[in-house]
Ligand SMILES: Nc1ncnc2c1ncn2[C@@H]1O[C@H](COP(=O)(O)OP(=O)(O)O)[C@@H](O)[C@H]1O
Ligand SMILES: Nc1ncnc2c1ncn2[C@@H]1O[C@H](COP(=O)(O)OP(=O)(O)O)[C@@H](O)[C@H]1O
Ligand SMILES: [Mg+2]
Ligand SMILES: [Mg+2]
Ligand SMILES: [Mg+2]
Ligand SMILES: [Mg+2]
């Protein structure tokens, strides 16, 4: 696949360079570790630090979400690979204000090992309290009953936002953790892939799909999904994604949700709005209220084609958290 | 090409439906004409109306830019086709506050015929003063000397923003026109395409490019460009785009610019940041100051691959205009 | 000869069928020269005309009124470049046919001259610029010539269609000067203009409508 | 037998070469089972080791220190799943080799046992879960058995490599229970595990290093 890159070995570092230069008023790169990015703004004293992260290739996640009301720092990994402990630790040190740091990332074995090592070092060497909340929103990855083993995909956006808002409100670490966990447990995602992405280093498609095939439940690193079939209409795909989510997290009439229709990279906004249109029709018919909608590319897989649907079930506390403003390079909410 | 759509004939109307449902707090669709979208907010009395538009398929342009500090209304055309006079006129009527309306769109023969017909009707039948500013930023389309015959591409973002900011400041129509024209005359864009898009109705790629080819100067509807060649590195492509722009609009050291690195649809953010990185390095070396940067998908061509570079040369007035806040569904600037 | 309002509507209906049949070819030509949508656009426009004929115009017999409504339906369905061009053509044609439900030879030639002049005035294209004008203008001129020379309408229009065909074919070797394709410069040579092609289809269908009207 | 620090470094260098040679194959296996980056990741990690060997460790002769630095270089270059696993292996190995610049048979087998146990404890994978442990664990167990039985190191390690090979090959027919590929369930059957494959490459290169060291 054709890409606008230089040396494939350097894409991540060069991306960070470009990113930091584009938004100096938001972001700074730590001298101590170039894979450690933190807010360049003054944050309130005693604010709990919010650290998100994971592999690269999911832009605007994660580095796009550093800013007011969202994350304070990001540790950047190689493409689709957890960051090592070093940048995580470095970021932790930079954003801790004595009130502790929350780590938020998708539930992947590699990430857990690296983040846990960093948390251990933060505790031992730096005396920083670290708490971890894993994102486990992908309904397709593990059947009902095994919710906490599920992998984390686009729903991370809501979980990160929840923690970011809670911390910005000045809540203590235990509360930020509680709210992040609650956001995660109220969040479900189902995705569909229409075309693969390719790693800059290999140039090989991450998976192969026939000319008219799609795959339901595919992961955001190209990990296989639950079902492969013929491409269907936007309405049928939307219905399917919604059905799987509602089967997993039933919603009563009168309940409220936040909706995220997330593009995986190369899918046009036109298609995302067609998907949203159907979701809205169906929720409306079930008398479920959409409190707020997000439609666009929020957590991608390079130039993968397809999208995911995420619902977060809201109570007053989570509705408030969703409405909390944010100001980041790639996401501003007033 | 695979797409998440229903009946290809209905994509535009269904997209609008989804869009309007997603952002009721920003947008409403006119009962009188479903291709006419206007802000759902109360705007100040006497504010000059800002109307932008053009074909669909360029999302987030144009409908994503309705909001405070930006456009008041959009007339939506079929994919890559000018809207007809009716929705333009309907939008004009809805947004006029007695102080006149400015039309802003790319310089395409079809658009001119339709918008001019609407302007004539607005004047004759509704007694609304309409002024028009055409976007002509595409350096590749016509050689130096024929600036005003050039087609309009991603630079429209700056021209729309300028008019939107000027109108939001309460300036009269003549001033809004002057500033929009100034923004346009200070703006240059050069693009590169790596892969085609396809119309939902035909499913055919808009053009063909070899496995390792790219095309410099291609238009945002797939209209051919100036030069076809082997795909180059991000640095080489960035240098080329910048060279063509600076040749056309020389910049002295010490001058200031706003930079837009615009993705055409399916190009990953990673690549856009690599492009920005090089642009920044080169401008920095020439001691040209980047006053503000925009990197992302601002004016697309469905799922076309590639990107464009836009520079707007700033004086104090234009710098102020670029910094003016905006609050739209797909673009928020604080 | 006489063309009734119903025959006139049948002409419009047949153009719709023809456009549907050829829409992929038209888009294909536009892929080479423009943005690949000419067949899509023409199809949308003529479908809107078809719809109008089946609803508001179902019992309408005033050809002038039919023309006007058809022109508005077309432009509102498509916008684009061809929307204003064809709409102007129909609106100019509508003036000539006002209050007429039976069209004489004179009406028909006056209609086509007005239709084509309207398009020309709106788009300001000249012969040789690789547009629909390359089909329409020679057809118009030949029609007027033959009528002036005293030919009956059908044979005059037959000549006009032949001239239109030659004009259409000539666009293959022209450099485009108008519309999207004008950006291509010399790269536009080698492909027949899509708008010139669909214009020819319209003329051709009109001829066959006139012929079948004669036969009845 | 004795392995010098410089031979130990040469082993590491040869693994780098081997990984470079096989990286596309490793990524290809991972495309089938995971996210397609295993070759990329291993290459990044071993290139970082190589770099370390040429700079900070250029004149270093303490094999324990070498191991520690190599482990840190690896994890900091890659993160990922293999980063913490291999880093833990090297860190555990480093304790065994602390302050040693000549490694005896006992040192070598203690190193490999510590290395592999570290990986196992970090990742908590068991044999049969389709990971690098399916290569490493049988190798470790065979090595220890043969050494206990009195075999000289080289021949014990040869047997260990054979056992590792069998383990690696066994992963083809296993259902993955750890890491990304565990999401595939039965769809993971039929492809050899990339991590098990690269683990085998490492063992194989060590054997040939020992052999060439012996020949000198
Ligand atoms: N100024 C003009 N006068 C006459 N015909 C024109 C003019 N500009 C464009 N055309 C015709 O329009 C055709 C393209 O139509 P279409 O593809 O539907 O519109 P668009 O270019 O807006 O996509 C061209 O092939 C040409 O024949
Ligand atoms: N818990 C574990 N214990 C041992 N090996 C593991 C474990 N999890 C994954 N692996 C190994 O890691 C390999 C994948 O490595 P790699 O592709 O580099 O990492 P990632 O899965 O993060 O992309 C697998 O093939 C498997 O052998
Ligand atoms: Mg990986
Ligand atoms: Mg068009
Ligand atoms: Mg066209
Ligand atoms: Mg992998």
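Computed from the coordinates by the stated procedures, all read-outs in this text should not be read as laboratory data. Note that the structure is predicted; figures quoted are calculated from it, not measured. Reconstructed Cβ throughout: ideal geometry from the backbone, glycine too, with neighbour counts over all protein chains shown.
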For this session: Could you check which residue among A:314, A:274, A:264 shows the biggest mean-square fluctuation in a GNM of chain A with a 10 Å Cα cutoff?
Result: A:274
Problem set entry | Shape box of chain C [Cα atoms, principal axes, largest first, Å] | 47, 40, 28
Exercise. Expressed as an acute angle from 0 to 90° and rounded to the nearest 10, what is the orientation of the C-alpha long axis of helix C:105-123 relative to the principal long axis of chain C?
Worked result: 30
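Roughly how crowded by other chains is peptide A:73-84, in terms of the mean Cβ count from those chains within 10 Å of each of its Cβ atoms?
That works out to 5 on average.
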For this session: With a Förster radius of 22 Å, plug the Cβ-Cβ distance of residue A:284 and residue A:323 into 1/(1 + (r/R0)^6) and report the FRET value to the nearest 0.05.
Result: 0.60
Exercise. Mean separation of Cα pairs under 8 Å and 6+ residues apart, divided by the residue count of the stretch B:98-219: what relative contact order is that in percent?
Worked result: 24
Exercise. Taking chain D as a Gaussian network, where each spring joins two C-alpha atoms under 10 Å apart, which residue of D:54, D:191, D:38 fluctuates the most?
Worked result: D:54
Exercise. Counting pairs of alpha carbon atoms under 8 Å apart in space and at least six apart in sequence, what relative contact order in percent does chain C give?
Worked result: 22
Seminar exercise, completed: Exposure proxy check on D:23, D:58: fewest-to-most Cβ neighbours within 10 Å is D:58, D:23
For this session: Apply the Kirkwood formula to the stretch A:147-265: the hydrodynamic radius equals the inverse of the mean of 1/r over all pairs of different alpha-carbon atoms; give it in Å with one decimal.
Result: 16.3
Problem set entry | Translational D in µm²/s for the stretch D:162-216 (Stokes-Einstein at 20 °C, 1.002 mPa s, Kirkwood Rh from C-alpha pairs) | 173
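Using helices alone, I'd like the mean residue ellipticity at 222 nm for the protein assembly as shown: each DSSP H run of four-plus residues gives -39500 (n - 2.57), total over residue count, nearest 500.
-15500 deg cm²/dmol
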Problem set entry | Evaluated over chain A, the Cα radius of gyration and Dmax, each in Å | 18.9, 55
For this session: First measure r as the distance between the Cβ atoms of residue A:204 and residue C:154, then evaluate 1/(1 + (r/R0)^6) with R0 = 51 Å and state the FRET efficiency to the nearest 0.05.
Result: 0.20
Exercise. Which residue, A:195, A:174, A:82, has the most motion in a Gaussian network model of chain A that connects Cα atoms within less than 10 Å?
Worked result: A:174
Problem set entry | Percent RCO, i.e. relative contact order, over chain A, from Cα pairs under 8 Å lying at least 6 residues apart | 18
Seminar exercise, completed: For peptide C:27-36, the mean count of other chain Cβ atoms within 10 Å per residue Cβ is 6
Seminar exercise, completed: So, in nm and shortest first, the distances from residue C:211 to its counterparts in the other copies, with label points 7 Å along Cα→Cβ, work out as 8.6
For this session: Put one equal scatterer on each alpha carbon of the stretch B:1-83, apply the Debye formula with no solvent term, and list log10 I(q)/I(0) at q = 0.22, 0.24 1/Å to two decimals.
Result: -1.05, -1.22
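Could you give the semi-axes, largest first, of the ellipsoid that matches the stretch B:8-185, computed as the square roots of 5 times the alpha carbon gyration tensor eigenvalues and rounded to whole Å? Can you show the working numbers first?
On the way: eigenvalues 98, 78, 47 Å².
Ellipsoid half-lengths, sorted descending, are 22, 20, 15 Å.
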Exercise. What is the antiparallel percent of DSSP beta bridges lying wholly in the protein assembly as shown, to the nearest 5?
Worked result: 60
For this session: Could you work out how far the C-alpha centroid of the stretch D:140-156 sits from that of the stretch A:167-239, in angstrom?
Result: 48
Exercise. Highest mean first, what order results for B:289-298, A:121-130 on Cβ atoms within 10 Å?
Worked result: B:289-298, A:121-130
For this session: Report, in cubic angstrom per residue, the convex hull volume of the C-alpha atoms of the protein assembly as shown.
Result: 175
Exercise. If you put a point 7 Å past Cα along the Cβ direction, how far is that point for residue D:155 from the same point in each other copy, in nm, smallest first?
Worked result: 11.3
Problem set entry | Between 0 and 90°, nearest 10: helix C:63-78 axis offset from chain C longest Cα axis | 30
Seminar exercise, completed: at residue C:187 the sorted inter-copy label distances (label 7 Å from Cα on Cβ side), in nanometres, are 4.1
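Order D:87-100, A:64-77, B:220-233 from most to least packed using the mean count of other Cβ atoms within 10 Å.
Output ranking for D:87-100, A:64-77, B:220-233: A:64-77, D:87-100, B:220-233.
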Exercise. Which whole number gives the average count of other chain Cβ atoms within 10 Å of the Cβ atoms across peptide A:105-116?
Worked result: 5
Exercise. So what's the angle, to the nearest 10 degrees on a 0 to 90 scale, between helix C:82-97 and the longest Cα principal axis of chain C?
Worked result: 20
